[in-house]
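Worksheet for the structure shown next.
The values are calculated or read from the model by the stated rules, or taken from the named source; none is laboratory data. What you are looking at is a predicted structure, and each value in this text was computed from that prediction instead of being measured. Using ideal geometry, Cβ is built from the backbone for each residue, glycine included, and neighbour counts are taken over all protein chains shown.
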Amino acid sequence: MNVFERHDLIRRRPEVPIGKALMGIDHGSKTLGIAVSDSLWMTSTPLGTVGRKKFSKDIQEIKLMLQGREIGAVILGLPREMDGGLGPRAQSVADYASSLEEFWQLPCLLWEERLTSAEAERAMLKADLSRARRSQLIDSHAAAIILQSALDRLSNP
């Protein structure tokens, strides 16, 4: 089984505990966008971003954001190429999912993320947010879009 199959959302659906919140991550080269769901898997909410430093420091920042929340699984956006292929960025995210899973002992699953940043940007433009404010929020909103899409799929197997 390859690393992508090992983290496939649909394949591993039975491992995701019902009644616990899910965390979504938009994995970028400079930042991690973080979002969280409610325990009923109805809605996702952007929490913020973590400036990427070192894995252990990033994890500590994420833990602070999630304080008081019981997380059952992590959903990471899988950056496919526009032709559907899996390039080097996708491999990096899959490797990150493996590291997270080992660290947190939670299912870390991959879900399609193509064009989520563009969708988040459009929504923020519609809300008339300034360029500076959009820049601050884009990654966490993209994480919320990724997570919401995964929640919709998990709720309708």
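Yes or no: region 89-100 includes at least one residue that is basic (Lys, Arg), surrounded by 12 or more Cβ atoms within 10 Å (Cβ to Cβ) and at pLDDT below 80.
no
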Could you please find all residues in region 1-60 being acidic (Asp, Glu) and in contact with a helix residue (DSSP H, G or I) (Cβ under 6 Å, 6 or more places away or on another chain)?
-> Asp26
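Tell me, yes or no, whether region 1-12 has at least one residue that is modelled with pLDDT of 95 or more and outside any loop (DSSP other than H, G, I, E, B). Explain how you work it out, then say what you get.
In the first step, residues of region 1-12 are kept if they are modelled with pLDDT of 95 or more; the result is none.
No - not one qualifying residue is present in region 1-12.
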Inspect region 96-118 for any residue being within 18 Å of Ile145 (Cβ to Cβ), of a type in the set (S, T, N, Q) and not in a strand (DSSP E or B) and give the result as yes or no.
-> yes
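Before we move on, is Ile71 farther than 14 Å from Ser140 by Cβ, at pLDDT 90 or above, surrounded by 12 or more Cβ atoms within 10 Å (Cβ to Cβ) and in contact with a strand residue (DSSP E or B) (Cβ under 6 Å, 6 or more places away or on another chain)?
yes
Return the total of residues in region 13-44 being part of a strand (DSSP E or B) and more than 17 Å from Leu154 (Cα to Cα). Steps first, please.
Taking region 13-44 as the starting set, the residues that turn out to be part of a strand (DSSP E or B) are 21-27, 31-37, 44.
Right, trim to more than 17 Å from Leu154 (Cα to Cα) and you get 26-27, 31-34.
Qualifying residue count, region 13-44: 6.
Kindly provide the set of residues from region 50-73 that are in a strand (DSSP E or B) and either within 17 Å of Ala21 (Cβ to Cβ) or touching a Leu at 6+ places or on another chain (Cβ under 7 Å) (or both), ordered by number.
So the first thing to find is which residues in region 50-73 are in a strand (DSSP E or B), and the list is 50-51, 71-73.
If the condition is that a residue be in a strand (DSSP E or B) and either within 17 Å of Ala21 (Cβ to Cβ) or touching a Leu at 6+ places or on another chain (Cβ under 7 Å) (or both), then Val50, Ile71, Gly72, Ala73 are the ones that fit.
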